[in-house]
Amino acid sequence: MSDLLIKLSGSRFGAGVVKLLGMPAPVELARSAGPYAEQPLAGKNILLGRSQNGYAIDRLWQIARDAGALPLETTGVKPDILVMDATGCASPSDYRALYDFFHPQMRAIARNARVLIVAALPAESRDPVAAAAARGIEGFSRSLAKELGPRGATVNLAYVAKDAVDRLAGAVHFFCGVQTTYVTGQAVHVTSQVAAPASLVQHGVLKAKVALVTGSARGIGRATAQRLAQEAVQVICVDVPAASDALHRTCREIGAIPLLLDITGPGAPRQLADFIKERFGRLNILVHNAGITRDKTLANMQEQSWDQVVDINLSAVMAIDQVLLAENILRDEARLVYLSSISGVSGNFGQTNYALTKAALIGYVAAQAPLLAARGICINAVAPGFIETAMTQKMPFMAREIGRRLNSVKQGGQPRDVAELVTFLCTPGACGISGETIRVCGQGLVGA
Ligand code: NAD
């Protein structure tokens with residue numbers, strides 16, 4: 001689904017027309033088409049800065065070098081990536097380090113640049129002043145994301161616990177890498193609540209893992225199955241019998257195993273469990289992607305629409321988890337990812353039923369994370385904004401155009417962008433992240 005404004009803005013004449021009409025001029029966002037590289041930041045110019053007493057800087061230098069980035073020791077060269085260790089910001093006077101680091105770079109920051117700020121975990125500080133100083137960085141980071149978004153650049157924040165600094169590699173690879181495309185203005189928490197696996201790198205680590213993706217005949221589910229298959233994951237693709245042709249096509253293309261199943265059907269969790277046990281004996285990755293909308297204002301909503309959305313988006317998800325976790329089919333160190341939505345963050349007109357289920361998933365992952373931590377299992381949600389799929393294609397033209405433009409990068413995301421975030425959360429490198437909901441919405445104004 002192409003975006004005419006991106007095409008127009010890419011040529012000198014078209015850009016002139018777009019400007020004349022006063023329309024947004026979105027830039028072509030950088031994306032990766034392939035699997036993770038061994039050196040994820042190879043050849044990129046990286047500028048690192050720090051606040052006084054920052055405790056993550058040594059680790060960040062090491063991660064940057066190991067990832068193949070070229071640390072800039074001198075000014076005058078355009079950075080592709082800027083990383084700021086702001087863990088030392090413990091009072092308002094420390095904020096000056098942010099200004100001093102970023103201000104001189106602002107005009108030079110390239111299109112599709114990547115910015116990552118690392119801050120102390122506010123909850124770890126007993127001193128309210130230090131906690132406030134750490135939390136304030138989120139306001140800075142989100143605002144910077146809005147300023148740099150029109151250039152296609154991303155800005156994200158990682159709060160890191162003192163004992164989790166050695167887990168930063170995964171977050172640095174993702175948030176400083178090309179794959180972060182439509183994830184911007186986000187804040188994630190990196191902690192040590194989940195036991196760390198032996199390797200924290202991304203490259204090659206998902207090989208031979210077994211994943212199940214629901215609703216993968218098309219859209220985001222299909223892109224996720226495809227992306228995981230690129231990492232040599234053995235994928236089981238589930239969708240309803242009515243989507244049989246599309247599901248089989250997807251599976252043929254990526255070498256996945258199809259399973260026609262309505263996840264709300266009687267005995268569906270049992271059927272899934274038996275299928276996985278028989279074929280593989282275990283499951284390492286579960287992506288709950290299947291979801292539907294039945295939009296109407298509450299006054300006009302039929303009970304059937306209410307029930308269908310709750311059944312598919314939530315009840316079926318929980319019923320499946322219950323069986324797969326109780327029977328230890330989802331093994332230790334498993335990764336669970338749920339497709340929430342920015343509607344679940346902010347609510348949305350005509351979506352009381354949908355937003356309810358998507359908000360429930362946010363609560364679900366937060367509550368499950370500490371319960372599953374001892375088994376080394378990470379559980380997270382991703383909340384897409386406007387993604388170009390059949391679901392958003394159904395929207396009326398004006399509503400679609402508004403949804404697509406109301407974000408910092410002035411365009412919709414691609415299913416692949418969501419798939420990149422989901423895949424990152426399935427890597428061992430993301431072991432510090434659990435119980436979180438990360439938006440993949442180009443910093444959409446809905447849910448802001
Ligand atoms: P989509 O409608 O294109 O695809 C959803 C897939 O789920 C379809 O193949 C469908 O057949 C399948 N499915 C539906 N009910 C099922 C059931 N009972 N059992 C098994 N499979 C079933 O949707 P999409 O746009 O790719 O969205 C995927 C997920 O992302 C959904 O959970 C959606 O709520 C969420 N999401 C999407 C967007 C967006 O902009 N597209 C935004 C926010 C959240």
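Some values worked out for this structure:
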quantity: Computed [θ] at 222 nm, deg cm²/dmol, the chain (DSSP H ≥ 4; -39,500 (n - 2.57); rounded to nearest 500); calculated: -11000 deg cm²/dmol
quantity: Within straight-line cross-link reach of K296, lysines at Cα separation under 19 Å, skipping those fewer than 8 residues along the same chain; calculated: K358, K394
quantity: Extension gain, S143 back to K162 (0.36 nm per residue minus Cα-Cα distance, nm); calculated: 4.3 nm
quantity: Charged-residue dipole, Cβ positions (Lys, Arg, Asp, Glu), the chain about Cα centre, Debye nearest 20; calculated: 1040
quantity: Sparse-neighbourhood loop sites, trypsin sites (Lys or Arg not before Pro) in segment 329-429 - DSSP loop, at most 13 other Cβ within 10 angstrom; calculated: K394
quantity: Compactness of segment 94-230, expressed as Rg and Dmax over alpha-carbon positions, Å; calculated: 17.4, 51
quantity: Mean shadow area of the chain, taken as a quarter of the surface of its Cα convex hull (nm²); calculated: 21.8
quantity: Segment 320-393: chymotrypsin sites (Phe, Trp or Tyr not before Pro) in DSSP loop, at most 13 other beta carbons within 10 Å; calculated: F349
quantity: Size of charge dipole - segment 263-331 - debye, nearest 20, with Cβ of Lys, Arg +1 and Asp, Glu -1, no other charges; calculated: 280
quantity: Accessible surface of the chain, 1.4 Å probe, proportion on carbon and sulfur as whole %; calculated: 55
quantity: Gaussian network model of the chain, Cα within-10 Å springs - most flexible of A316, A290, A171; calculated: A316
quantity: Max mean-square fluctuation residue, GNM over the chain, Cα-Cα springs under 10 Å, options N53, N112, N300; calculated: N300
quantity: Over 24 Å (Cα to Cα) - which of K78/K162; K162/K207; K207/K277 fall in this group; calculated: K78/K162; K162/K207
quantity: P(r) weight above 17 Å for segment 367-448, C-alpha pairs, percent; calculated: 53
quantity: Leading residue at positive end of dipole, segment 387-427 (Cβ point charges), from G413, A399, T389; calculated: A399
quantity: Hull volume in cubic angstrom per residue (convex hull over the Cα atoms of segment 9-71); calculated: 153
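The values are calculated or read from the model by the stated rules, or taken from the named source; none is laboratory data. Being a predicted model, the structure only gives us computed values, none of them experimental. Backbone-built Cβ (ideal geometry, glycine too); neighbour counts: all protein chains shown. The accessibility values were calculated without ligands, DNA or RNA, using every heavy atom of the protein model including side chains. Shrake-Rupley method; radii C 1.70, N 1.55, O 1.52, S 1.80 Å.
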